[in-house]
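Just below is one structure, and these are the notes that go with it.
The values are calculated or read from the model by the stated rules, or taken from the named source; none is laboratory data. What you see is a predicted model, and the numbers here were worked out from it, not measured in a lab. Backbone-built Cβ (ideal geometry, glycine too); neighbour counts: all protein chains shown. Each accessible area value is taken on the protein alone, full model and side chains, heavy atoms only, with ligands, DNA and RNA left out. Shrake-Rupley method; radii C 1.70, N 1.55, O 1.52, S 1.80 Å.
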Amino acid sequence: MRTITRMPRLHVRPLLLFAMFGASACQALSPAGRILEKVPGHQGNNWAIVDVPSGKEQVLPRTAVAVRGTGAELWSASHASAHTLVRASSDGSIDFFDSETLQFLGGFNLNGLPNTDTPRIVSSNVYLSPDGRYVAAYWIPKYRQRTPEVVVFDRQGHIVQDGSPLDYDATAYQNALTWLPVGDAYLHVAGDRLVLRRIGDDKYVNVPFPLPPNAMQGSPTIAASPDGHRLALSLPVALPTGLGGSNTYWLMFVVGLNGTGMHQLTKPSALVLDHGWEAYHVSPSWSADGRTVFAVVGHSQAFGAPHYQNPCSNVLALPADGGVQPVDGERDPPALTVQTANGTLRACRHAQWILP
């Protein structure tokens with residue numbers, strides 16, 4: 001991992017992307033577009049693109065290891081272009097597709113990269129740059145290495161940037177990564193700091209990342225807004241339950257890209273808290289107009305049934321500037337969920353809005 005110690009003055013141009021938080025209150029709306037998600041109701045919980053509002057699914061092609069049940073895969077779309085998808089498989093393949101035709105556009109395999117030994121992606125997602133030229137993730141390039149590191153590849157598999165300029169527990173932040181919508185800048189969380197970097201530039205900017213009350217360090221997920229001014233993020237928060245103890249819930253927040261203006265969007269419903277059920281509000285993404293934050297409620301068991309696995313639930317559509325909404329992923333009002341011609345859209349922990 002490279003160590004970069006150079007810090008620019010705070011007036012350098014990249015810091016302009018750390019804009020002050022501020023927006024007028026508005027109402028969440030279901031998108032007139034498409035959502036990439038892991039869909040319920042198919043063998044292996046296939047990935048699909050769902051058209052909103054028709055509800056029509058376009059199931060995405062699966063790798064051989066996923067079909068056999070011996071491996072897993074992740075899909076992601078560029079936030080700025082609906083014409084590129086990336087699929088990362090546990091067999092090491094990173095493949096690119098046209099999202100309209102699903103035509104294969106090339107790719108590479110991690111196992112063929114120099115100076116690696118059984119490399120693997122360890123983040124829960126892979127992230128396409130706005131122009132579709134780069135893919136970022138956390139990985140472990142050699143199996144004996146214990147600590148993951150952030151890495152950016154081009155479409156041919158060349159490493160164009162790796163490591164972080166700050167020291168932090170990368171294992172606890174390996175899912176806190178997002179591209180900004182302007183240029184080729186990306187952001188990651190490094191402990192109590194937000195770090196902004198650009199491809200091809202050793203300079204970086206970092207600002208404090210203060211947590212709200214009761215929130216815990218580690219395991220956030222983040223997504224930059226379309227205007228590059230804010231982040232939607234899922235943070236672990238300890239809350240008391242009706243059983244007399246407490247649970248850790250991952251809840252949705254919005255914060256300015258400079259670390260200010262943090263406000264909460266979700267909380268567990270009274271039913272969830274009273275019964276002490278687990279719930280995770282995860283997979284944040286934004287509508288194109290920045291008015292709506294999408295998320296998925298994940299459960300470690302079927303709703304209210306602790307011995308049955310069922311991680312699939314409602315896709316939430318939350319007003320980005322609204323108040324705190326009680327949600328549980330099952331009994332949420334239609335105004336807080338994505339509605340299609342087939343009813344409330346459901347997903348299995350992963351959902352990402354993409355352009356029409």
Flag for Thr248 being touching a strand residue (DSSP E or B) at 6+ places or on another chain (Cβ under 9 Å), within 21 Å of Ser219 (Cβ to Cβ) and at pLDDT 95 or above: no
Of residues in the stretch 168-216 being open to solvent by 60 Å² or more (accessible area, probe 1.4 Å) and assigned to a loop (DSSP other than H, G, I, E, B), the one nearest to Trp250 (Cα to Cα): Met216
Residues of the stretch 338-350 classified as open to solvent by less than 40 Å² (accessible area, probe 1.4 Å) and either modelled with pLDDT under 90 or at positive phi (or both), total: 2
Every residue from the stretch 138-160 that is of a type outside the set (Ser, Thr, Tyr), under 18 Å from Tyr173 (Cα atoms) and either surrounded by fewer than 17 Cβ atoms within 10 Å (Cβ to Cβ) or touching a strand residue (DSSP E or B) at 6+ places or on another chain (Cβ under 7 Å) (or both): Trp139, Ile140, Gln145, Arg146, Pro148, Glu149, Val150, Val151, Val152
Total residues in the stretch 73-120, condition open to solvent by 60 Å² or more (accessible area, probe 1.4 Å), part of a strand (DSSP E or B) and either at positive phi or out of contact with any Ser or Thr (no Cβ under 8 Å at 6 or more places or on another chain) (or both): 2
Residues satisfying the stated conditions in the stretch 279-330, i.e. open to solvent by 50 Å² or more (accessible area, probe 1.4 Å) and either in a strand (DSSP E or B) or at pLDDT 90 or above (or both): Arg291, Val324, Pro326
Count of residues meeting criterion [in a strand (DSSP E or B) and surrounded by fewer than 18 Cβ atoms within 10 Å (Cβ to Cβ)] in the stretch 121-137: 0
Qualifying residue in the stretch 201-210 (condition: modelled with pLDDT of 95 or more, among the aliphatic types (A, V, I, L, M) and within 22 Å of Ala136 (Cβ to Cβ)): no
Scan of the stretch 123-148 for residues that are small (Gly, Ala, Ser) and closer than 19 Å to Asp98 by Cα, ordered by number: Ser129, Gly132, Ala136
Qualifying residue in the stretch 256-263 (condition: out of contact with any Lys or Arg (no Cβ under 6 Å at 6 or more places or on another chain), among the hydroxyl-bearing types (Ser, Thr, Tyr) and either open to solvent by less than 40 Å² (accessible area, probe 1.4 Å) or in a strand (DSSP E or B) (or both)): no
Some residue of the stretch 228-237 being closer than 25 Å to Glu149 by Cβ, without any contact (Cβ under 8 Å) to a residue 40 or more places away in the chain and open to solvent by 10 Å² or more (accessible area, probe 1.4 Å): no
Selected residue (only one of Asn111, Asn125, Asn115 is of a type in the set (S, T, N, Q), touching a residue at least 24 places away in the same chain (Cβ under 8 Å) and farther than 18 Å from Thr171 by Cβ): Asn115
Odd one out for Ser219, checked against (1) surrounded by fewer than 24 Cβ atoms within 10 Å (Cβ to Cβ); (2) under 14 Å from Asp184 (Cα atoms); (3) within 18 Å of the chain's Cα centre (by Cα): (2)
Among the residues listed as Pro268, Pro213, Pro208, the single one being more than 18 Å from the chain's Cα centre (by Cα) and free of Cβ contacts under 8 Å to residues at least 12 places away in the same chain: Pro213
Options Ser129, Ser89, Ser93: the member that is out of contact with any helix residue (DSSP H, G or I) (no Cβ under 7 Å at 6 or more places or on another chain), within 23 Å of Pro284 (Cα to Cα) and not basic (Lys, Arg): Ser129
